[in-house]
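One structure below.
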Amino acid sequence: MTASDAELIFYHGPMGAGKSTFALQTHFNQGQQGRSGLLLTTMDRSAEPVVTSRIGLRAQALALGAEDDVYAIVTDRHHYDPLDYLVCDEAQFLTPEQVEQLARVVDDCGVDAFAFGLLTDFRSALFPGSACLVEIADEVHRMQAIVLCWCGRPAFLNARIVDGQIARTGAVVAVGDTGDGPVMYRALCRRHYVEGRAKP
């Protein structure tokens, strides 16, 4: 594959849409075709250097921090172990600079990059990393898995729930999951997100 053939592809969806499952499946399928790849993550729900899925799948990954230079890390690895692809889960937490570094890997090295993440945060505002991916990715796809609000309508907004109440303010990044906990998230339809109703 030449550099001009490689692509940066972004898949997004609300919590529960199967993004991490699809990321792991993509990594597996690419490897089954004899392609050499690297699995990346930023702030996985497990707080470990792995990609985990709610259905129980998991795989070791390289965990990126906000200060890491994705281009330097990947090109260093590519130098002694040529890569064909990258899979990056939780891509919403990449900084815009890291997204641009990811694009440079695609353009300079001919390495395909598949990014998976949320589009918007709990305030329904675009994550900076996701906004940059939408702006510069070769392809952007909304996940096809249908996530339902408690009312049965399609859900595409991620509500943060603290002490049983939908939070409208707070730090943009507060890692939690869809299960019970001090900080948890629910995917809601627009109507019930606006109304602040996380359950009937």
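Taking the Cα centre of the chain as the origin, how large is its charge dipole in debye, to the nearest 20, when only Lys and Arg (+1) and Asp and Glu (-1) carry charge on their Cβ atoms?
1420 debye
What FRET efficiency do you get for Val162 and Gln60 if R0 is 25 Å and r is their Cβ-Cβ distance, rounded to the nearest 0.05?
The calculated FRET efficiency here is 0.20.
For the range 3-142, what is the Kirkwood estimate of the hydrodynamic radius, computed as the reciprocal of the mean inverse distance between distinct Cα atoms, to one decimal in Å?
Computed over Cα pairs of the range 3-142, the Kirkwood hydrodynamic radius comes out at 14.7 Å.
Relative contact order for the chain using alpha-carbon pairs under 8 Å, separation at least 6, rounded to a whole percent?
26 percent
Which of Glu90, Glu195, Glu97 has the fewest other C-beta atoms within 10 Å, and how do the rest follow up to the most?
Ordered from fewest to most neighbouring Cβ atoms within 10 Å, Glu90, Glu195, Glu97 come out as Glu195, Glu97, Glu90.
Rounded to the nearest 10 degrees, what's the angle between the helix 96-109 long axis and the longest principal axis of the chain, both from Cα atoms, 0 to 90?
30 degrees
Name the residue, out of Phe22, Phe127, Phe93, whose mean-square fluctuation peaks in a Gaussian network model built on the chain with Cα pairs under 10 Å.
Checking each option, the largest mean-square fluctuation is seen for Phe22.
What residue among Ser130, Ile166, Gln92 has its Cα farthest toward the positive end of the dipole of the chain, where the charges are +1 on Lys, Arg and -1 on Asp, Glu, each on the Cβ?
Ile166
Laboratory data are not the source of any read-out in this text; all were calculated from the coordinates shown. Note that this is a predicted model, so its numbers are computed, not measured. No Cβ is skipped: glycine too gets one built from the backbone with ideal geometry, and neighbour counts run over all protein chains shown.
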